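The values are calculated or read from the model by the stated rules, or taken from the named source; none is laboratory data. Because the structure is predicted, anything quoted here is derived from the model rather than measured. Reconstructed Cβ throughout: ideal geometry from the backbone, glycine too, with neighbour counts over all protein chains shown. These area figures cover heavy atoms from the full protein model, side chains too; ligands, DNA and RNA do not enter into them. Shrake-Rupley method; radii C 1.70, N 1.55, O 1.52, S 1.80 Å.
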Amino acid sequence: MTEPMIVRAGIPAPVERVRRALTDPADLRVWLAEHVEVELPERFAFWGRTTPEGDAPHQRLLHADERTLRFAWLLDGEETTTELSIEADGDDRTILTLSQTHFDFQDVITGKSIRGCCRRTGARCWQTWPIT
């Protein structure tokens, strides 16, 4: 059975800076993927050697506004929906919430699926965010 995976992180930076880290191609190349194409509200794609199934972009932008990015991401032959949302938590702090559908925790533990990649990749990537 799949459940949505949800991860929340507090980031010591204002919402505007976190949004830029999520949408600026130069910032995304630092912490997310080698190759990035962002043209909001039409395109949000990334790929490369450290991206699961990163031979080509496998994302399709579904929604983008000032606080939310939602995209379909084909992983293991299954279309998942990944959402990144941000909200202010005081003047200089932001809460980032990442969710991904079609997440089967047991498959991730056994290595049967890579669909938990956001959980692992997000934790690693957030440590290298270009937020100052």
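General remarks:
- Residues of segment 10-20 satisfying the condition of being surrounded by 14 or more Cβ atoms within 10 Å (Cβ to Cβ) and in contact (Cβ under 8 Å) with a residue 40 or more places away in the chain: Ile11, Ala13, Pro14, Val15, Arg17, Val18, Arg19
- Odd one out for Ile86, checked against (1) within 13 Å of the chain's Cα centre (by Cα); (2) modelled with pLDDT under 95; (3) open to solvent by less than 20 Å² (accessible area, probe 1.4 Å): (2)
- Annotation: of all residues in segment 21-67 being of a type in the set (Val, Ile, Thr) and in a loop (DSSP other than H, G, I, E, B), the one that is surrounded by the most Cβ atoms within 10 Å (Cβ to Cβ) is Thr51.
- Qualifying residue in segment 114-128 (condition: open to solvent by 40 Å² or more (accessible area, probe 1.4 Å) and modelled with pLDDT of 65 or more): no
- Search result, residues across segment 89-105 that are charged (D, E, K, R) and surrounded by 16 or more Cβ atoms within 10 Å (Cβ to Cβ): Asp104
- When the criteria are applied in full, Arg49 fails the requirement of being of a type in the set (D, E, K, R), under 15 Å from the mean Cα position of the chain (by Cα) and at negative phi.
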